[in-house]
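The values are calculated or read from the model by the stated rules, or taken from the named source; none is laboratory data. Bear in mind that the values here come from a model prediction, so they are computed numbers and not experimental data. Cβ: placed from backbone, ideal geometry, glycine included. Neighbour counts: every protein chain shown.
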Amino acid sequence: MAPSLKVATLTVLSTLSFAGAAAAQQSPEPAPPAATPAPGAPAEAAPLPPPPTPAAEAPQDLPPPPPPKAAVTDASPAAPLIQVETPPPAPAQSRRGYRVHDGFYLRLALGLGTGQAVVTSESNNDYEVEGGSVVFQALVGGTPTTGLAVGGLLFVGSLGADRIHIEGSEATNSTVGQYGLIGAFVDGFPSPSSGFHVGGTLALAGARLSAEDNTTIDDFDGGGVGLGAWVGYDAWISSEWSMGGQLQLLGVLTRQGEDELAKQARAGGVSLVFTSLFH
């Protein structure tokens, strides 16, 4: 055999031997035979089947989810989330009849004070009287605008004294005098629901003076004009009635003509009165 052929034959045989050994190593080992139970031994229990898969539960009717809450934001004091406006107060006319000075006006007053009367004449028979006084007045009217009353006034004042001054000398005589006014008045309340008020009057006036047991002076009885002013306060006691006090000043200037000899009398006084008002 040629040397080349011998070498090729050895190479093929070596390759086949190596392939057989590799195949023998990769072939699996045969499974061992199943063990045969011994006679009389209990048979093993068969394995249990897997538990059945539970059926899916039917969906239940659930209540709808609540609406989402609005986001809370910090409200600035200058611009609140909710604007609350207070309505303006009703005008005084709409509160008519409840502690507001409007409508019908009636005032009655009674009080005490001090008064003076001076009588002068062309015959130089002058005299002066001073003493205490008792006054009464009634005012009736209406209210053209809330807080302002106008109407008519009646005033009567009495004057009494035990001494009289005659041309600078003093005499002991019982002197009686009266003076009165009839005219128009105005009474204003700066706050229509408050009791503070100021007023005044312009009226016709009369004055009368007489001295008992004295023949040196003549009685006086004349007429003229009168002026008055007052300030006071009334406290509410009901929806229409109020009561209070009032300080007032009244004066008259009168004249009497007799046998071509004219006489003049100036009379007046200051008084503090208790008043009752329906307004």
Checklist entry - Out of the stretch 253-279, which residues are touching a Phe, Trp or Tyr at 6+ places or on another chain (Cβ under 7 Å) and modelled with pLDDT under 95? => result 256, 263, 265, 267, 279
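Over 40 Å from the mean Cα position of the chain (by Cα), closer than 22 Å to residue 121 by Cβ and part of a strand (DSSP E or B) - does that describe any residue in the stretch 181-193? First the steps, then the outcome.
Filtering the stretch 181-193 for residues over 40 Å from the mean Cα position of the chain (by Cα) gives 181-182.
Narrowing the set further to residues that are closer than 22 Å to residue 121 by Cβ leaves none.
No, that holds for no residue.
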